[in-house]
Amino acid sequence: MRNWPSWIPNPTAWMSAVLLILLFRGIFVVIRIIFQMGEPLMAISPKLRFLLYFAALLSPILLIAVAHHLLHMFLDRYAPSSRSPGMSTAEGLLPSLMSWWEGFYGWMAIGLAIVVSGLIQVIFLPSFNSLYDMLTWWDELRDLFTLPTLYRVITAAYLYQFEYLVRNHLMAVGAGTQSERE
């Protein structure tokens, strides 16, 4: 089925990376709107400001988990052969443990992708004016197709490929341990 080495991300890793970048753009817009609406409350109490920042920091995990769960509900219904081994069918409204893992891993992958893309830009771009360009990708959709976004997609794809390899290794080790018991 696959004729390329394991260090090249598979199509699922690329798809996950692109969807993660697009989902993160939407999440950021929602967080920005919530902060604009909550600004008067933050001026009243420092505790509310802290709670709002904490909720904003952790909310992408919930949103990615719910998006993962809904996507798998859709895929289970219309493309059941696309389910990966070891995944149960998505049922109910609450995300499963694997969806929560994908939410956590997706949030960590996007964070690391932002750090790596920033590092690449600082090292390889000649002037500090490029730092301004590095931060403008947040502004609008027109900045979606930029070099920093490409760096983020590539980094996230390799992180998802790494997770895929680790997951397959753990399933193989688990299968070997289970066959030894029998």
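Quick notes on this one:
- Sorting 16-23, 168-175 by their mean Cβ neighbour count within 10 Å, with the most densely packed peptide first, gives 16-23, 168-175.
- In this calculation the C-beta distance from Phe54 to Val115 is compared with R0 = 30 Å, giving a FRET efficiency of 0.90.
- Take the Kirkwood radius over Cα pairs of segment 1-81, plug it into Stokes-Einstein at 4 °C and 1.567 mPa s, and you get 83 µm²/s for translational diffusion.
- Sites Leu41 and Leu62, calculated FRET efficiency, Cβ-Cβ separation with R0 22 Å, nearest 0.05: 0.60
- Legend: ranking of residues Thr155, Thr146 from fewest to most surrounding C-beta atoms inside 10 Å; resulting order Thr146, Thr155.
- A Förster radius of 41 Å combined with the Cβ-Cβ distance from Ser81 to Thr146 puts the calculated FRET efficiency at roughly 0.70.
No value in this document is a laboratory result; all are computed from the given coordinates. Note that this is a predicted model, so its numbers are computed, not measured. Positions of Cβ are generated from backbone atoms using ideal geometry, with glycine treated the same way; all protein chains shown enter the neighbour counts.
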